[in-house]
Number of protein chains: 2
Amino acid sequence: MYLLVISCILTRIYSLFFEGSEKKAEIIIDAKQVSLIDDLADSFWQALVQCCNAKILSKIENDGCKAFLLSESSLFVWHDRLLILTCGNTRLVHSVEYFIQQLGMNKIQQITYQRKNEYFAHAQLSSFGDDITLLGKYVAGKAFRFGELDGHHNYIFHQDNNFQVSKEDKTYELIAYQICQKASEKLTTVGLNPHEIRAFLQLDRLLAGFILDDFVFEPFGYSINAIKGLQYLTIHITPQANSSYVSIQANINLITLAPEFLRILAPKSIDLLSFNELEFSELAQQYIPKAYISKSLFQQHLSNNSLVSFANYILPQTSFSSAELLDIKGQRHAL
Amino acid sequence: MYLLVISCILTRIYSLFFEGSEKKAEIIIDAKQVSLIDDLADSFWQALVQCCNAKILSKIENDGCKAFLLSESSLFVWHDRLLILTCGNTRLVHSVEYFIQQLGMNKIQQITYQRKNEYFAHAQLSSFGDDITLLGKYVAGKAFRFGELDGHHNYIFHQDNNFQVSKEDKTYELIAYQICQKASEKLTTVGLNPHEIRAFLQLDRLLAGFILDDFVFEPFGYSINAIKGLQYLTIHITPQANSSYVSIQANINLITLAPEFLRILAPKSIDLLSFNELEFSELAQQYIPKAYISKSLFQQHLSNNSLVSFANYILPQTSFSSAELLDIKGQRHAL
């Protein structure tokens, strides 16, 4: 594990409330013109992530993939594409703009820019609308909302050109909200080390054969990148009770893995999102435990040939919880 | 119906997206010192609502209550209290500050300030935290969040003094989200008049004996105030498909009325909130149709003696909807 910037471990200070919701960009380039692995040095990626105020913490790699763990989530680079996700108050669109400016649009085949609804939208440096206004200077595209406005939803913008995404390019997101008390307590334990978290999440078993790279944030919070050939999986955990958020993203099938993660985390609500899983409905039917009720179901074919599916599930409540007493002196910024 | 400011009918322009979520303040005063009805002229209330950039459209009244229909929701005034709710981008806390400055804290027994989570939080002029920071200059209080951070929720701030609210002071909110296509189409019909909307909502039957005062906004949107003795009910409708929001607030029992409204509006999701309905759970059990699944249940006794109950229900989805294609040129401000 190559520790690029040891000093930045303090930059991702998890306050009692931390905006876990990610912004995410995928850029597919013309690999005949350039290889993002062979032709670009790590210093390029360092500069790129700095554009959104994130920092590289560490790197793992194999022949086909470089995976950077960031102070605010992750960056994956393949020969023909990159995937970057950042949380907190980063403005990811600036990293996308940097990439466009450095490589030029003629090498770029497809840009997808996605943003989940945020918990603390008022504290964000920009809205999705602001971001796509900036992108619109470079790229013609379409934007969709997957999910109801008053519930969990994702905004997805994609470049609208002649490029057609391969249906083999399947990606998955499994987001867990309000994980159970046991999991939240475990993951907010002071002084927890990466091995204890891997053991709790049973990652050595679930990710056998993957190269792993993880980091425990202070006072809590956990990130892991995992790669195996061209496959990736990344997990980012904001574990604090009452605003817990666990994001699992991969190009391996997370719907079939969902029962394992749901058993450990027992969240009150989950989102499933997939690009190009043609069996989304059948798999969800089979693998999402029956205790979870389907609140939202959205599906859309994009003009770039992607099929995007989004579902939100909730665990029905039968007894009253107490309201959350707010520390109005300490947390006004978050309210 | 006394039409105070006819010109302001254009001020509440409903854009395709309109922030329906209300901010709400209730202030109880010492009626031995002052009567809000007898001692304050309408010009006072006009100035008060101007402080949050709303305007009075019209007024109805009886011996015990004045009800003002506002360009952005409603103001009710009784001898010993006021209730004001405003939506859109109003900054209601400035009206509360004006009231405090004009009357003085020594005449005020209890201030409650409430804010629902917003759809377009990034477009708001302030956050709940900003608002209670301002209130904190005048009032010591406590703040709670009712509802999960990632779901529908209400922030409630109340003055923390020796004053004890009467358990007879029952209030109710019934909020309907994503009303059915039929209701949304009806309520966005061009040129609809108040009588047609009253008929559609069956208000003449449901509110028999009440004095009614309503207004149809351009291009759509509807508000009505209803009073009968000390009783009030007010409805504010943002009817556009995909962001529809119907707020019904009253001191008459809205849980028992819920089946009537739900039958007409058939929303995908509803919130119930009550101050001091001691039978909240039993009534909800009895009156909320079984098709609705309980997603959130919160209950809390406040130190001012109020019992606050909050519930969110959803209608499970079984088939996929298409994603919402966004007009990224026209609606960037809303995204």
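From other protein chains only, count the Cβ atoms within 10 Å of every residue's Cβ in B:130-136, then give the mean.
3
Among the aspartates and glutamates, which fall within straight-line cross-link reach of B:Lys268, defined as a Cα-Cα distance under 20 Å, with same-chain neighbours fewer than 8 residues apart omitted?
Partners within reach: A:Glu148, A:Asp150, A:Asp271, B:Glu19, B:Glu22, B:Glu118, B:Glu148, B:Asp150, B:Glu173, B:Glu185, B:Glu260, B:Glu324.
Would you work out if segment A:97-237 is rounded, prolate or oblate? Take a ≥ b ≥ c from the square roots of the eigenvalues of the alpha-carbon gyration tensor; rounded if a/c is under 1.5, else prolate when a/b is larger than b/c, oblate otherwise.
Taking the square roots of the gyration eigenvalues as a ≥ b ≥ c, segment A:97-237 is prolate.
Report the one residue of B:Leu57, B:Ile288, B:Ser223 whose Cα lies farthest in the direction of the positive end of the charge dipole of chain B (charges on C-beta: Lys and Arg +1, Asp and Glu -1; origin at the Cα centre).
B:Ile288
Considering only the label points, 7 Å along Cα→Cβ from Cα, what distances in nm to one decimal separate A:Lys167 from the same position in each other copy, shortest first?
List, nearest first: 6.4 nm.
To the nearest whole number, what is the average tally of beta carbon atoms from other chains within 10 Å of the beta carbons of peptide B:301-314?
Taking all residues of B:301-314 together, the mean is 2.
Pairs B:Lys55/B:Lys290; A:Lys23/B:Lys186; B:Lys59/B:Lys290; B:Lys116/B:Lys182: which are spaced more than 31 Å apart, C-alpha to C-alpha?
Cα-Cα > 31 Å for B:Lys55/B:Lys290; A:Lys23/B:Lys186; B:Lys59/B:Lys290; rest within.
For segment B:222-282, build the charge dipole from Cβ charges (+1 Lys, Arg; -1 Asp, Glu) around the Cα centre, then report which of B:Ser274, B:Asn253, B:Pro239 sits farthest towards its positive end.
So the residue we want is B:Pro239.
Let me know the shape class of the protein assembly as shown, please: from the alpha-carbon gyration tensor, a ≥ b ≥ c as square roots of the eigenvalues, rounded when a/c is under 1.5, otherwise prolate if a/b is greater than b/c, or oblate.
prolate
I'd like the distance between the alpha-carbon centres of segment A:133-177 and segment B:295-316, rounded to an integer number of Å.
For segment A:133-177 versus segment B:295-316, the Cα centre distance is 35 Å.
Can you tell me which of A:Gln299, A:Gln33, A:Gln249 moves the most in a GNM of chain A? Springs connect C-alpha atoms under 10 Å apart.
Top of the fluctuation ranking is A:Gln33.
Count charges around A:Arg198 for me, please; just the other residues with Cβ under 12 Å from its Cβ, Lys/Arg as +1, Asp/Glu as -1. Please list the in-between numbers first.
Numbers: positive: A:Arg205; negative: A:Glu196, A:Asp204, A:Asp213, A:Asp214.
Here the count lands on -3.
Excluding the sites themselves, what is the longest stretch of chain A that contains no trypsin sites (Lys or Arg not before Pro) in a DSSP loop with at most 16 other C-beta atoms within 10 Å?
Longest stretch, sites excluded: A:168-289.
Would you calculate a helix-derived [θ] at 222 nm for chain A, using -39,500 (n - 2.57) for each DSSP H run of n ≥ 4 and dividing by the full residue count, to the nearest 500?
Result for chain A: -5500 deg cm²/dmol, rounded to the nearest 500.
Compute the separation of the alpha-carbon centres of segment A:266-288 and segment A:220-239 and state it in Å as a whole number.
Distance between centres, Cα-based: 19 Å.
Could you work out, residue by residue across B:63-69, how many beta carbons of other chains sit within 10 Å of that residue's beta carbon, and then give the average as an integer? Kindly include the intermediate steps, with their values, before the conclusion.
Working: counts 0, 0, 0, 0, 0, 0, 0.
That works out to 0 on average.
Could you tell me the center-to-center distance, by alpha carbons, between segment B:78-104 and segment A:191-218 in angstrom?
The two parts, judged by their Cα centres, are 52 Å apart.
For segment B:6-318, what class follows from the C-alpha gyration tensor (a ≥ b ≥ c being the square roots of its eigenvalues): rounded when a/c is under 1.5, otherwise prolate if a/b is larger than b/c, else oblate? Please list the in-between numbers first.
On the way: a/c = 1.45, a/b = 1.20, b/c = 1.20.
It comes out rounded by the Cα gyration axes.
If I model a spin label as a point 7 Å beyond the Cα along the Cα-Cβ vector, how far apart are those points for B:Ser35 and A:Ala47 in nm?
Going from the B:Ser35 label point to the A:Ala47 one covers 7.6 nm.
Rounded to the nearest 20 debye, what is the charge dipole size of chain B about its Cα centre when +1 sits on each Lys and Arg Cβ and -1 on each Asp and Glu Cβ?
The calculation lands at about 380 debye.
Could you give the size of the charge dipole of segment A:129-172 about its Cα centre, using +1 on the Cβ of each K and R and -1 on the Cβ of each D and E, expressed in debye and rounded to the nearest 20? Can you show the working numbers first?
Details: 5 positive and 7 negative charges, 33 e Å.
Its charge dipole is roughly 160 debye.
How big is the dipole moment of the protein assembly as shown about its Cα centre under a simple scheme where the beta carbon of each Lys and Arg is +1, that of each Asp and Glu is -1, and everything else is neutral? Debye, nearest 20, please.
100
What nm distances, shortest first, do you get from the label point of A:Gln102 to those in the other copies when the point sits 7 angstrom along Cα to Cβ?
Going from nearest to farthest copy, the values are 5.9 nm.
Rule-based calculations on the coordinates, nothing more; no lab input. Here the structure is a predicted model, which is why all the values come from computation and not from measurement. Heads up, the Cβs are rebuilt from the backbone with ideal geometry, glycines too, and the neighbour counts pull from every protein chain shown.
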